Amino acid sequence: MSSSRQIAVTINGTVYEREVEARKLLIHFIRDDVDLTGSHIGCDTGNCGACSVIVDGTLVKSCMMLAVQADGSSIETVEGLANGDELPVLQQAFSDHHALQCGYCTPGMLMSATALLRMNPKPSEDEIKKGLQGNICRCTGYWNIFEAVSAAAERMSE
């Protein structure tokens, strides 16, 4: 029995086919095999949210999923949020509201907020807090992040 397997995933619209070890985590596949380093490795225990990505429309902590489990899936990473040279509304709101400091948690926060806003385009403050509760930020105190998500939701609904 082989300890590796051929997988094919679509990440940010591009199909990647690779042979991977059965035990390789999705975050390591994304960063090491595909060289998309925007998603961060924080805790490897699913607590911090820095590695959050969207898999088939569902927010996932990629340190808690094996790459082989993603075979055939469509994955969105923070790099996929880009809109040419312009910042998307959510990222611009993070900048405008000073919703980042060191930036380590930012990719996970952006992916969590993206998933939230897709499910609930007009979230309340409590819904934003619940939507981001799986992400830890040690720098900002969260308030500016909540304001940024709220501002992005408002702007996107205009």
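For the range 92-125, a residue qualifies if it is surrounded by 14 or more Cβ atoms within 10 Å (Cβ to Cβ), touching a strand residue (DSSP E or B) at 6+ places or on another chain (Cβ under 9 Å) and either closer than 19 Å to Ser157 by Cα or small (Gly, Ala, Ser) (or both), and the qualifying residues are Gln92, Gly108, Leu110, Met111, Ser112, Thr114, Ala115, Leu116. In this structure, Asn83 qualifies as modelled with pLDDT under 95 and over 16 Å from Thr106 (Cβ atoms).
Quick one: which of Arg23, Arg31 is of a type in the set (D, E, K, R) and surrounded by 15 or more Cβ atoms within 10 Å (Cβ to Cβ)?
From the options Arg23, Arg31, the qualifying one is Arg31.
What about Val89, is it surrounded by 13 or more Cβ atoms within 10 Å (Cβ to Cβ) and β-branched (Val, Ile, Thr)? Yes. The residues of the range 41-75 that are buried (at least 23 other Cβ atoms within 10 Å of the Cβ), assigned to a helix (DSSP H, G or I) and in contact (Cβ under 8 Å) with a residue 40 or more places away in the chain, listed by number, are Ala67, Ala70.
If you go through the range 1-14 and keep only what is hydrophobic (A, V, I, L, M, F, W, C) and closer than 19 Å to Leu81 by Cβ, you end up with Val9, Ile11. Applying the criterion of being without any contact (Cβ under 8 Å) to a residue 40 or more places away in the chain and of a type in the set (A, V, I, L, M, F, W, C) to the residues of the range 135-158, the residue that is farthest from Gly46 (Cα to Cα) is Ala153.
The values are calculated or read from the model by the stated rules, or taken from the named source; none is laboratory data. Just so you know, these numbers come straight off a predicted model, no measurement behind them. All Cβ positions, glycine included, derive from the backbone under ideal geometry; neighbour counts span all protein chains shown.
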